Amino acid sequence: MYQSDWLLSFYKFTAKEIVYYYHPFLDLEIDPKLAYALRNYHLYPINVNTADYEMILRIPGIGVQSAQRIVQARRFNKLTSSHLKKIGVVMKRAQYFITNNELPAAIHDLPAETLRNQIIAGDVKKKKVPDTQLKLFDFTNTTKALAEINRTKFLTQ
């Protein structure tokens, strides 16, 4: 919800672009900006050297500051991937949705569902997501601590 609010407030999205009749719920596996990009994959790739600011904001991996820096920097030179990295663009995410003179066109031939799975798989490897549910208490340490307290009480009696 927080990410959706951020998209509405700072990225100039509308509520209908984030959720709509055919997709009434947020995707819990990916962020709303990436979900929008995958649902509207026909709008991509976006050329960062010619696109307007609002379109650059819609590219996953590019934030508000990076979009502003792109618009400023491209006045002086054509931007390459190394320029984008220096600007602060997350190329692991953005590479599928942008184009310039050096990015291969083959990246943009992937179907949206294949791309989604590939991005999710990359995120899981990076985060090392545990396969268990979140635990509020770690009972292994609690059990050890209680055993130590009981042992201490027994010895002092």
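Worth pointing out:
- Criterion violated by V89 - all others in (1) touching a residue at least 40 places away in the same chain (Cβ under 8 Å); (2) out of contact with any Phe, Trp or Tyr (no Cβ under 6 Å at 6 or more places or on another chain) satisfied: (1)
- Hits in segment 1-42 (condition: over 18 Å from the mean Cα position of the chain (by Cα) and within 19 Å of I62 (Cα to Cα)): T14, H42
- Selection over segment 14-42 of residues that are of a type in the set (D, E), assigned to a loop (DSSP other than H, G, I, E, B) and touching a residue at least 12 places away in the same chain (Cβ under 8 Å) gives a count of 2.
- Taking segment 43-107 and the helices (runs of 4 or more DSSP H) fully enclosed by it, the elements with 2 or more residues that are surrounded by fewer than 19 Cβ atoms within 10 Å (Cβ to Cβ) and basic (K, R) are at 81-87.
- When A51, A67, A73 are checked against the criterion of being among the hydrophobic types (A, V, I, L, M, F, W, C), at pLDDT 85 or above and under 19 Å from S4 (Cα atoms), a single residue qualifies: A67.
- Restricting the first member to segment 59-80 and to residues that are in contact (Cβ under 8 Å) with a residue 40 or more places away in the chain, and the second to residues that are surrounded by 13 or more Cβ atoms within 10 Å (Cβ to Cβ), the beta-carbon pairs closer than 9 Å and six or more apart or on different chains are V64/Y11; V64/L57.
The values are calculated or read from the model by the stated rules, or taken from the named source; none is laboratory data. Just so we're clear, the structure is a prediction, and the values are computed from it rather than from any experiment. Virtual Cβ from ideal backbone geometry, glycine too; neighbours counted across all protein chains shown.
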